[in-house]
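Undergrad: After the structure tokens below, expect a handful of questions from me.
The values are calculated or read from the model by the stated rules, or taken from the named source; none is laboratory data. Everything numeric in this text was worked out from a predicted model, so none of it was measured. Every residue, glycine among them, receives a Cβ derived from its backbone with ideal geometry; neighbour counts consider all protein chains shown. Note: areas computed on protein heavy atoms with side chains; ligands, DNA, RNA excluded. Shrake-Rupley method; radii C 1.70, N 1.55, O 1.52, S 1.80 Å.
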Amino acid sequence: MSAEERKEFEAFRAEREKKRREEERKQQRQEYATLVDEEIGATIPRLREVSEMLKKAKDEIFGNFDTILKMKSEIIGAARDGQCSHTFTNSDSTLRVILGVNCIDGYRDTVEDGIAMVKSYIESLAKDEATKSLVNAVLRLLSRDGQGNIKASRVLQLRKMAEDSGNEQFLEGVRIIEESYQPTVSKKFIRAQYKDDKGAWRYIPLGMTDVD
């Protein structure tokens with residue numbers, strides 16, 4: 001075999017090997033796609049079944065506790081609608097169930113009038129550096145969250161300050177903010193806990209992410 005013939009042969013062999021590897025990778029991709037399809041086809045029905053079981057259990061648990069919630073409202077005299085969560089603990093304090101709804105803070109447009117009244121009064125108190133620092137701390141309670149709303153817990157703090165001050169403008173401003181409160185109720189939730197051997201509360205994982 002001449003040098004030229006050997007060169008052509010090596011080139012042919014290299015090309016043949018290249019095509020073989022390409023075909024092999026193509027086959028591997030096809031096998032991979034087939035495997036993914038099979039596993040997804042088996043997994044999705046199973047997960048839908050688990051999801052439906054969780055939904056049924058959730059509806060059943062809320063239904064079972066509905067009578068208890070009514071009794072709690074009658075015994076304590078508290079309105080059910082104003083409470084986002086309820087905690088129930090057994091007699092020996094070893095098991096606990098928490099039922100509730102996630103509430104997202106929100107306000108009607110009138111909240112701006114209340115904020116303006118509160119700010120006007122608070123800023124009028126700034127007489128020196130010491131009072132300015134206090135005023136800034138109070139004004140931080142009116143700061144907005146990522147959705148542009150004031151945290152309801154901060155409004156409660158403002159209410160206490162307004163009552164302590166006795167100033168009518170301050171009180172009226174806080175009242176307007178409170179009356180503007182219009183929370184959005186999102187999905188219901190259930191949390192369950194038990195005490196371990198050391199007496200510490202442990203959550204029962206109820207979501208795919210929570211289970212180890």
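Undergrad: Being among the aromatic types (F, W, Y) and more than 30 Å from P183 (Cβ to Cβ) narrows it down to one residue among F88, F9, F62; which is it?
TA: F9
Undergrad: Any residue at all in the stretch 163-175 that is modelled with pLDDT of 90 or more, under 20 Å from R108 (Cα atoms) and of a type in the set (G, A, S)?
TA: yes
Undergrad: Of everything in the stretch 82-129, what is over 30 Å from K195 (Cα atoms) and part of a loop (DSSP other than H, G, I, E, B)? Give them in sequence order. Can you show your working first?
TA: Keep residues of the stretch 82-129 that are over 30 Å from K195 (Cα atoms), which gives 104-129.
Matches in the stretch 82-129: D105, G106, R108, D109, T110, L125, A126, K127, D128.
Undergrad: Being part of a helix (DSSP H, G or I), modelled with pLDDT of 95 or more and surrounded by 10 or more Cβ atoms within 10 Å (Cβ to Cβ) is true for just one of E17, E23, E31, E10. Which residue is that?
TA: From the options E17, E23, E31, E10, the qualifying one is E31.
Undergrad: V118 passes all but one of (1) within 19 Å of the chain's Cα centre (by Cα); (2) surrounded by 14 or more Cβ atoms within 10 Å (Cβ to Cβ); which number fails?
TA: (1)
Undergrad: Something else now. For the structure I just gave you, tell me whether R13 is of a type outside the set (F, W, Y) and more than 30 Å from the chain's Cα centre (by Cα).
TA: Taking the combined requirement at face value, the residue satisfies it.
Undergrad: Which of the residues spanning the stretch 34-53 are open to solvent by 90 Å² or more (accessible area, probe 1.4 Å) and either within 26 Å of R191 (Cα to Cα) or of a type in the set (D, E, K, R) (or both)?
TA: Start the filter on the stretch 34-53 by keeping residues that are open to solvent by 90 Å² or more (accessible area, probe 1.4 Å), which leaves 35, 37-40, 46, 48-49, 53.
Those that are open to solvent by 90 Å² or more (accessible area, probe 1.4 Å) and either within 26 Å of R191 (Cα to Cα) or of a type in the set (D, E, K, R) (or both): D37, E38, E39, R46, R48, E49, M53.
Undergrad: Among A137, A79, A130, A152, which is the only one that is at pLDDT below 90, in contact with a Ser or Thr (Cβ under 9 Å, 6 or more places away or on another chain) and of a type in the set (G, A, S)? Steps first, please.
TA: Working: A137 fails: in contact with a Ser or Thr (Cβ under 9 Å, 6 or more places away or on another chain); A130 fails: in contact with a Ser or Thr (Cβ under 9 Å, 6 or more places away or on another chain); A152 fails: in contact with a Ser or Thr (Cβ under 9 Å, 6 or more places away or on another chain).
Exactly one of A137, A79, A130, A152 is at pLDDT below 90, in contact with a Ser or Thr (Cβ under 9 Å, 6 or more places away or on another chain) and of a type in the set (G, A, S), namely A79.
Undergrad: If the Cβ limit is 7 Å and pairs must be 6+ apart or interchain, which residue in the stretch 199-211 that is more than 14 Å from T89 (Cβ to Cβ) pairs with which residue that is at pLDDT below 85 and assigned to a loop (DSSP other than H, G, I, E, B)?
TA: The qualifying pairs are P205/V211.
Undergrad: Could you tell me which of the residues R154, R175, R191 is surrounded by 14 or more Cβ atoms within 10 Å (Cβ to Cβ), under 28 Å from the mean Cα position of the chain (by Cα) and part of a helix (DSSP H, G or I)? Let's see the steps before the verdict.
TA: Working: R175 fails: under 28 Å from the mean Cα position of the chain (by Cα); R191 fails: part of a helix (DSSP H, G or I).
Result of the check over R154, R175, R191: R154.
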